[in-house]
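What follows is a single structure, written as C-alpha cells, with notes after it.
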Amino acid sequence: MSAIYILWLRELKRYLRSRAQIVASLGQPMLYLFALGFGLGPIFQKSGNGSYIQFVAPGVVGMTVLFSATFSGIALLWDRQFGFLKETLVAPVPRLFIMTGKMLGGATVAVIQGLLVAVICLIAGFRPVHLSAVPIAILFMILIAVLFAALGTAIGSVLVDMQGFQLVMNFLVMPIFFLSGALFPLNGLPAALDVVTRLDPLSYGIDGLRGALIGISHFGLAIDVAVLCAIAVGLTLLGSRFFSKIQL
C-alpha cells in the first residue's frame, strides 16, 4: 500500500510545483463560464429557465474534472518516454498498486482543479441552494475524477505515442463533454440524442453535481451514484488489465 501512497504523492507534488499548469487549467473553464454564462444568460432566462450561470456552473466544474482526470494519462506516456515508468515497473510491488497510485494521483489533481473552478463560479455569481449540499457535490467530483482517470490510464497504457493519445482524447473527450448535458438541459431532447446522453457517463456526473448544488436532477442522485460507481469499477479493472501488459 505504501507504493500507492508514494505514487499518489508524486503526482500531487508534480502538479503543485507547476504554477503554469494550475493557471492554464483555469483558462478553458473560465471561457465557458463567462462567455456562455453571460452571453446566453438573457436567452436562457427569457425561455423561463432562470439563471444560466446557476445552470452551467456545475457543468463547467464537471468539465474541468473530466479534462484534468482524462489527460492525467499523458503523464503515463511521459514517464514511459523518459524511463521513469521502467524504473517503477521493476519495483517489487504489484502493478495494480502502481496503476492505482498513478490513477488516484490524477484523480486528486482533477478534484483540486474542480474546486478552484468552483471558487471562480462563486465569484461569477453562482450560489448553491444550501451549503450542506457541498459535500455531496465533492463526492460526485471524486467519482467523475476516478472514473475518467481510470479511462485515461487505460488508454495511456495501450498507446505509446503522445500524438496518438491526443488524437484519441480529442475524438473521445469532446463528445463526452458536449453530449453530457453540461451546457443544455436533458429534458425534451430528440429520441436519438436522449439515448446518446444516457450512454454518456459524464451525464450522470453532471446531473449529480447539478442535483446537489441547485436541486435539479434528471436521473436522480441515487441512479447517478450507482452508474458512476459501476463504470468507475469497470474502467479501473480494464485499466489494470491493460497496465499489467505494458512491456518494459
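Where a number appears in this text, it was derived from the coordinates with a stated rule and is not lab data. These figures come from a predicted structure and were not determined experimentally. Here Cβ is always computed from backbone atoms with ideal geometry, including for glycine, and neighbour counts include all displayed protein chains.
Report note on the peptides 96-108, 192-204: ranked by the mean count of other C-beta atoms within 10 Å, highest first, their order is 96-108, 192-204.
Across the range 126-248, C-alpha contacts under 8 Å between residues 6 or more apart give a mean separation that, scaled by the residue count, equals a relative contact order of 41 percent.
Between rounded, prolate and oblate, where does the range 125-218 land on the alpha carbon gyration tensor, with a ≥ b ≥ c its root eigenvalues, rounded for a/c under 1.5, else prolate if a/b exceeds b/c? It comes out oblate by the Cα gyration axes.
The stretch between residue 238 and residue 134 holds 34.3 nm of extra length on full extension. This uses 0.36 nm per residue minus the Cα-Cα distance. Ranked by the mean number of other Cβ atoms within 10 Å per residue, highest first, peptides 125-137, 173-185, 208-220 order as 208-220, 173-185, 125-137. With the simple model of a label 7 Å out from the Cα in the direction of the Cβ, residue 43 to residue 78 spans 3.7 nm. Using the average count of surrounding beta-carbon atoms within 10 Å as a protection proxy, the listed peptides 158-164, 228-234 rank, highest first, as 228-234, 158-164.
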